[in-house]
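What follows is one structure encoded as structure tokens, with my remarks underneath.
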Amino acid sequence: MPEIAVRRRTLPALAMAGLSYRYPNSVSPALDDVSLNLAGGEFVVLAGASASGKSTLMAAACGLVPHFHGGEVSGEVATVGIDAVESGPGELASVCGYLAQDPETQVVSTTVAAELGLPLEMRGDPAEACARGVEEVALALAIPHLVDRTVDTLSGGELQRVALGAALVTRPSLVLLDEPTSQLDPVAGDELIWLLRRLNEEWGMAVLLAEHRLERCLPAADRVIAMDAGRIAFDGRPRDFLGWSLEAEPVLATPAARLFSLAGIKRLPTGVRDARRTLEAAGRADHAATGKLTARDHPRPPTGEIALRLRDVWVERERDGVVHEVLGGVDLAINRGERVALMGRNGVGKSTLLRALAGILEVAKGRVDLAGEVALLTQNPSDFLVRERVGDELPGGVGAEALRIVGLEVTIERDPRDLSGGERQRLALAIAMAGRTGRDSEGPALVCLDEPTRGMDRDCKVDLEGLINRQAQAGSAVIVATHDVEFAASFADRVVLLGRGRVIADGPVGEILSGGWYFATEVARILGIPGVISPEQGAAAMRGTR
């Protein structure tokens, strides 16, 4: 084994000492006296509310802070032995792979093959080594079918996996992943986490992974670090983190931990398998499995005015000179006031459907009937951000009200590019909804949100749920394309599940999200009770009450 590889494995993967950082024009620090050490080969989950400092910490570890963002920095950062304050992202790329929250801003090549091979070419690897590296990372991420595609034809989830492949292709000593499952369907998200764990175990690659959907990644983690207001609030084992979160930061507690806490079970589970074993050991598995609870917090509204009706709708997209069918024969009707979660695997046509409803894409066949205007928030918040100040993006009283409604409390002097991923998402949402959120205004007939929870913590999702409810109460139909099963369970009356470009399931949220293997909440996967999808419902079912 080369001497340099041995030396890198003996160095700390990441060492920070007294690190503080303030973005330009920011009043408060994004990082405040942060000190931590990650050993080589550790798998660490980085938790925290939106804007708590997770993304900034990763940016400091890979040299983007301060070399790209500017601002004021003090303290020390060493990434696999390299001074990250003195060295920029180029020098650190040899030892550190980085996946940003917005992969669309990270991909620079025209084709998938070129994007995956670029880091190897920049390192000076020969052509044969580059070809092998591209093939192996494509196989590892289950994307060999994408290698010959152009990047502008990829879905958000496909693009995210390509960006991750570019971060992993050099087999770095440390990989920094900022919300890597945010645009992945439940199956792809779970597969990604366990792939990272396998690479961590077999390659000795250290992993620092920032996530809001902690139920996905805690079972794989050796350690959890939680951030709060730019400081480290917790650093310890996953099970200890769950106990701490319920006491100190309930917004970070997983659905399984909340279920067990409400049911009075002290041993908190780190995942579904752990939860089932705990219930079996406590003799409560059989009782839970026979419980019955089908009541919904949000019953579907009665049949009323139709906001949207699709009749045999087909949409085709051109890809690399060939026309492909994306949607085929979609029939769908949605009433005013309904809250609908649009779900399905990556690349199945969710974003295409929303863009067709908004008139961005042409329908090849069939009929689309709309009762009025359509408001669309696309998957990429950067599409909405074109100015250098938050105040210029949303000026005046209407802008201030839109910012308040989405819960974005930042100074209007901030540059949108310096906001966290969750803050940018909320800013884009405010822009899309500005002037359309009042109860007394007529508002759009249909509001379409494409993956709006990317970068949002549970508190922000509660605020978004309130916004969705207000729009529904004002008479708009709301369709949210999402891979976030837990969020769908909290806001939706109804779930429409797409597969192979067609509607394969359509029904009440409790029925759809408790009746499958993958498109099911964590509570549903633990208990297996029809209609039970939330921690509160699960605890009530285990107690035999409604």
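Observations
- Surrounding net charge for Glu128, when Lys and Arg each add one and Asp and Glu each subtract one, Cβ distance under 13 Å: -3
- With every protein chain in place, the stretch 478-546: carbon and sulfur % of accessible area (1.4 Å): 54 percent
- At q = 0.20 Å⁻¹ the log10 of I(q)/I(0) for the stretch 221-277 amounts to -0.70, computed by Debye summation with a single uniform scatterer per C-alpha, solvent ignored.
- Chain lengthening between Asp240 and Lys266 when straightened (0.36 nm per residue, less Cα-Cα): 8.2 nm
- Between Val27, Val107, Leu92, the Cα set farthest toward the positive side of the dipole of the stretch 1-159 (charges on each charged residue's Cβ, about the Cα centre) is that of Val27.
- Full extension of the segment from Glu388 to Thr153, taken as 0.36 nm per residue of separation minus the current Cα-Cα distance, would add 81.7 nm.
- Per residue, in Å², the accessible surface of the chain once ligands and nucleic acids are set aside, probe 1.4 Å: 41 Å²
- Low-density loop cleavage sites - GluC sites (Glu not before Pro) in the stretch 356-403, where at most 10 other Cβ are within 10 Å (DSSP): Glu362
- Estimated distance in nm for a label pair at Arg319 and Asp83, the labels positioned 7 Å out from Cα along Cα-to-Cβ: 4.8 nm
- Heavy-atom surface analysis with a 1.4 Å probe gives the stretch 84-198 a carbon and sulfur content of 54 percent of its accessible area.
- Per-residue [θ]222 nm for the chain (sum of -39500 (n - 2.57) over DSSP H runs n ≥ 4, rounded to 500): -10000 deg cm²/dmol
- The distance separating the Cα centre of the stretch 351-406 from that of the stretch 223-261 comes to 35 Å.
- Under the simplified labelling scheme, the Ala129-Val251 pair shows an inter-label distance of 4.5 nm, with each label point 7 Å from Cα along Cα→Cβ.
- Simple spin-label estimate for Val462 and Ile360 in nanometres, 7 Å along Cα-Cβ: 3.1 nm
- Label-reachable residues, the stretch 304-320, where backbone N falls under 20 Å from a point 7 Å from Ala505's Cα toward its Cβ: none
- Shown are Tyr518, Tyr21, Tyr98, whose ranking by accessible area with a 1.4 Å probe and every protein chain present, most to least, is Tyr518, Tyr98, Tyr21.
- Modelled FRET efficiency - R0 30 Å, Val108 with Glu409, Cβ distances, 0.05 increments: 0.35
- When the Cα convex hull of the chain is projected onto planes of every orientation, the mean area is 24.9 nm².
- Equivalent ellipsoid dimensions for the stretch 60-214 as semi-axes, Å, which come from the Cα gyration tensor, largest first: 24, 18, 16
- Net charge, Gly516 excluded, C-beta distance under 14 Å - Lys, Arg +1, Asp, Glu -1: -3
- In the stretch 26-132, GluC sites (Glu not before Pro) in a DSSP loop with at most 12 other beta-carbon atoms within 10 Å: Glu86
- Cα lying deepest toward the dipole's positive end in the chain, options Ala481, Pro12, Ile265, charges on Cβ: Ile265
The values are calculated or read from the model by the stated rules, or taken from the named source; none is laboratory data. Quick caveat: nothing in here was measured; it's all calculated off a predicted structure. Ideal geometry is used to build each Cβ from the backbone, glycine not excepted, and the neighbour counts take in all protein chains shown. Calculation scope for accessible area: heavy atoms of the full protein, side chains included, ligands and nucleic acids excluded. Shrake-Rupley method; radii C 1.70, N 1.55, O 1.52, S 1.80 Å.
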